[in-house]
Structures are given as structure tokens and as C-alpha cells.
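Taken together, the values in this text are just the output of simple stated rules run on the coordinates, not laboratory data. The shown structure was predicted, so the numbers you read here are calculated from the model rather than taken from an experiment. Virtual Cβ from ideal backbone geometry, glycine too; neighbours counted across all protein chains shown.
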There are 2 protein chains.
Amino acid sequence: MPGLTLPAQVSVEPDPAAALRGATIVVSAIPTQFIRTVWANFASALPPGAPIVSVAKGFESGSHRLPSEILREAIGPRAVTSTVALTGPTIAAELARRLPATMLAASLDADAAERVQRAFSTPWLRIYTHDDPIGAEVAGALKNVIALAAGMIDGLALGYNAKSALLARGLVEMVRIGAALGAKAETFFGIAGVGDLATTCFSPEGRNRACGEAIGRGVTLEAHLAQTRSVVEGVETARSVRQLAHERGVEIPITDAVCRILFEGLPPADAIRALMTREAKAERIT
Amino acid sequence: MPGLTLPAQVSVEPDPAAALRGATIVVSAIPTQFIRTVWANFASALPPGAPIVSVAKGFESGSHRLPSEILREAIGPRAVTSTVALTGPTIAAELARRLPATMLAASLDADAAERVQRAFSTPWLRIYTHDDPIGAEVAGALKNVIALAAGMIDGLALGYNAKSALLARGLVEMVRIGAALGAKAETFFGIAGVGDLATTCFSPEGRNRACGEAIGRGVTLEAHLAQTRSVVEGVETARSVRQLAHERGVEIPITDAVCRILFEGLPPADAIRALMTREAKAERIT
């Protein structure tokens, strides 16, 4: 992050045993696709009782596992520990400038969630505890798919009415998929859902929104990914969501459209026309 | 609206009896504060059975009535008719360019809602029927208060994390006030709630957001209102909401902060600091 230096108390330690010795809270900040392999080296050095704070978002390719599920599998039954998903609308460059932000500390272990809340709260970072880590993680994954679609709307210059409609209808899709995966609907209506979705769909910096915008302008997915250095998490997530939703019989018109645009060459304008002219309905949220 | 002409079929008719003769659907597009006086002249000419489509948003000052409630009172018991609230994220300039948008046709009369859905649907305007007109109207009013706060965040240049947190926590306040007024929570999680809130908080054109931005930059409410030609509905709505919420014992920290900034000179930065450092909590939506 240009122009910012890490505090002097932060040190880099490549040896797992030395890194974890005496830790009271462990933060796992590893992209979802690499959590399993990295933790294979760290699991045995984990001090008992230290909660693991996971800040990853997305589904693992192939297994469709969420970050906290991968952690549990990678660490194995010997770990007497809890995972806490720390998530919310948090663009890193804004956090680094100490601009106000909110997050959830979501865990099945209420004590662990409160420990994390106390440890990370500052006057500019307000943290709420939460008891639905699955919902918080599913929301963090799914919003990237909706952000790809939001970017396409930007690329096609369709305006705020269209993007807000996408946000509202995308939220309904997130709730439905979440319900099929054991998440609570309410989680999607809070900071980890609506809040993170708004930032991801409207902030110009977001990688998923920017990828969608390029595609909306006529760039192919391959061409965009070839010229970007960062991971566009929503692309793999869209694949996982489509498979999960089809297995469970969940209707996901927006994610289906995103997949057809990304992987099958459907023109984005055609996809939007098809979504707008589906049969007239009553609005249903859950 | 510069550059656009009305279709030739649209004519202007100042005589109530002539305007309403043979009407099968009547659209009431009158700012909330003037519905009662305008309908005093039109009520007797209303053809029986024609639903009234209301597109106004806000609470009537003093009475705190919603548009459909004012219509019912103004038209009186002789009217054998239904009201339908047509609402959603619909910036007029985008609609006029036929950019895609969604709305709700919300009514206690399902047939009337479906008639309005059929009459107003086009390939670029997708309308969902809905059975909670109170919720749809409360959402349409309250989002303007949150938009004032969103503008203040813009005026203070606090970023996307802060604005999305406001959107999520503002939505919770909207749900709480809505529940006290008889609205369903689900309505706030759909197009009339989350959807309209997103457009109102993020679109640069919105009058309420722009007013908040000026105040965030240090302009007083009086100075801003003196130089703008349009009504900033959220200002009167904030007053109504504060009174309604206090009467009903609803906790509304954001609306309270907006009122103290608008009417009591509290500096916006102080209000945000106070909101961020309230006691640590669990996230609760309803």
C-alpha cells in the first residue's frame, strides 16, 4: 500500500512454530484457494485456545467449502479452538487512513467473537458480534458475483436505477442461496450483506466491479484477466454458486446470467434484456 | 427535463371534471405537502373504480400522514377506489432515457396492483406487485433521511466503508420505525427499501444527498435551502420521524444525529464520532 509503513511492532516470521508461539489470537489472511495448503504447515504449531480470525472471502474451487470450513478441515480435530469470520465493507486503503468503518465478528463461539470484537475495535472501526458465521461468509462470497454484474451495468452506462435494482434483486438471490447452505436470512440484511454489497457494487476500486465493467465494454474475460495482476474472486465464486444452486434447486437468474456472459459469450445487453422481460411477478424476498 | 418533449397524446387539462372524465387509472403526482389541498378540488370528479396511483414520498408535516393515508382522508368515504403506491429507485432523467429500472406497485387491493403492473410495465421498466403499501411508503420517506446522512459522509470525504455502514445501519433504523407504523420488515429488504436507498445514497444528483454534502462541507441548512430551488424532502421527514419514533419508543441514533446536525448545529464530524464509539454490541436487524 503505497505511502504507508507497517508499525515497528509488526515483524515477519517464516517459521510456523516461531510465528504462532504464545499467540492469543491468530489471524488467517490467506486467499481462499490457498488456505488449505498454507495451514497444512501451520496447524501443528497452533496454540490451544487461540481463536482463528478468518478474513478470507469466497468458496474453495471444486470443494465449494467456505473459509471457516476449510480451516476446520485443515487444522483437524486436535485443535481446541474457534474460528471467527471478520467481515464487512472494508476497503483496505480507507482502513489504513483510519476512515470510519464497521465489521462483524461472526462465530458460533460467542466468547471468541467478543474477544475479537475487543481486540480489533478502535474509535474508527466499530465491530458488531454475530452468531451466523456461515451467513457472514456466504454473503462475503456471493457479493462478488453481484459486483461483477454491477460492473457490467457500469460498462453499459445503464445508470443508478438499474444498478440499485440489481443490488436489491441480487440480495434476494444471496438470501436464497444462503438459506440452502444453512445461513440466516437476517445476516444478509446487515453489515456483511447489504453493507458489503453496497461498497463492492459502487466503489470504483473493486476488482470484481472493474472486471464486470471491462466485460460490459466488450472486453473478453480472458483479455481482462491477462492484463490484471489481481485475483477476481467473483469469477470462481460464480462457477461454484451456479453448481451449488443447481444441485439444490435454487433459482438464480442473475448468477446464471453472469455465468453465461463470463463463460459462454452471451452479450451483457442481451442478458439484461432477458432479465427485464421475465414474466411479471410479485416481489418475494425469502 | 431539458432535451425531452412530452408525447403528443399527453395534454394539460386544468378542469378537474374534464381531466378525470372516463379515467380508468388516475396518477396522483403531487408533492406530499400539497396532496390534501389539491385533492380537495378533484375528489368529487373521481370516477368510481379507478385506482389512484400515488407516486409521492414523505410524511405530511404536522399530521405525519403517508401519501395514501392523505388520499383516503382527502377523497373521503364516497370513493369506491383503491390506492396503489408506485415506488422504487427511479431517477426521472434515467427513466426518460428508457434505461432499465424496477418499481413496486404496492396495494392492499391485489387486483388494482396487477392492473397498475400491466399498465406501466415496459421492456425497460419491470414492475413487481406488493401487498404492503405502508411499508413501501414508509421506506420511500425514510430513505431521504439516510440520504442526508450519506451526503454528510460525502461532504466529509469519509469514503465507501463509512457510507455502506450508514446504509446498513440506516436500513435497520428504517425497519424499526416501519414496524412501529405497521410495515413489514421484508419490504425494506427489497426494491422499495434497499434498492431505493442505494440510489438515493449514491447517485450524485439526489437533492437530499446533495443537501447533506453541503452541510458536511460546513454550509448551514438555511444557506443551502436558500440557494436551491427544489424541495429537500428529507429535512421535514427527519422532523416527523424523530417525533414519531420518540412517541413510540424506537431507538433511532442516525435520525437523531441528522436532526441535531440540521436543527441544532451539531458538527457532522462530532456526530459520526459519537455514533462510532457507542457501546459495543451484537448486530440485530429487527
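When the alpha carbon gyration tensor of segment A:137-286 is reduced to an equivalent ellipsoid, the three semi-axes, largest first, read 22, 17, 15 Å.
When both bridge partners sit in segment B:1-138, DSSP labels roughly 25% of those beta bridges antiparallel. Computed from the C-beta positions of residue B:92 and residue A:4, the FRET efficiency with R₀ = 56 Å rounds to 0.85. In chain A, the DSSP-assigned H stretches of four residues or longer account for a calculated mean residue ellipticity at 222 nm of -15000 deg cm²/dmol, using -39500 (n - 2.57) per stretch and the full residue count as denominator.
Counting only Cβ charges, +1 for Lys and Arg and -1 for Asp and Glu, the dipole size of segment B:111-170 around its Cα centre is about 240 debye.
From the alpha carbon centroid of segment B:205-278 to that of segment A:80-149 is 28 Å. Here the protein assembly as shown carries DSSP beta bridges of which approximately 25% are antiparallel, counting only pairs with both residues inside. The Cα atoms of the protein assembly as shown cover 86, 55, 39 Å along the three principal axes, with the biggest extent listed first.
Once the trypsin sites (Lys or Arg not before Pro) in DSSP loops with at most 10 neighbouring Cβ atoms within 10 Å are cut out of chain A, the longest remaining piece is A:79-228.
If you bin all the Cα-Cα distances of segment B:12-123 at 10 Å, starting from zero, the percentages per bin are 14, 44, 35, 7, 0. Take residue B:225, push a point 7 Å out from Cα through the beta-carbon direction, and compare it with the same point in every other copy: 5.5 nm, smallest first. A simple spin-label model places pseudo-atoms 7 Å from Cα toward Cβ; at residue A:45 and residue B:19 they are separated by 7.7 nm. Taking chain B as the reference, fit the longest principal axis to its C-alpha atoms, fit the long axis of helix B:253-264 to the helix C-alpha atoms, and give the angle between the two in degrees, 0 to 90, nearest 10. Long axis of B:253-264 versus the principal axis of chain B: about 90 degrees. When Rg and Dmax are taken over the Cα atoms of segment B:115-158, they come to 15.8, 45 Å.
Candidates B:203, B:108, B:82 compared by Cα position along the dipole of chain B: farthest toward the positive end lies B:203, with charges placed on Cβ. Computed over the alpha-carbon atoms, chain B gives an Rg to Rh ratio of 0.98, Rh here being the Kirkwood radius from the mean inverse distance. Seen from all directions on average, segment B:85-169 presents a Cα convex hull projection of 6.5 nm². Each copy carries a label point for residue A:247 at 7 Å from Cα along the beta-carbon vector; from one copy to the others these points are 5.3 nm apart, nearest first.
Partner aspartates and glutamates whose Cα lies under 12 Å from the Cα of residue B:184, excluding those fewer than 8 positions away in the same chain, are identified as B:131, B:132, B:137. The mean of 1/r over all distinct Cα pairs in segment B:213-261, once inverted, gives the Kirkwood hydrodynamic radius of 11.9 Å.
Applying a DSSP loop filter and a limit of 16 other Cβ atoms within 10 Å to the chymotrypsin sites (Phe, Trp or Tyr not before Pro) in segment A:109-175 leaves nothing. Once the Cβ-Cβ distance between residue B:222 and residue A:63 is put in as r, and R0 is 51 Å, what FRET efficiency do you end up with, to the nearest 0.05? FRET efficiency, residue B:222 to residue A:63: 0.25.
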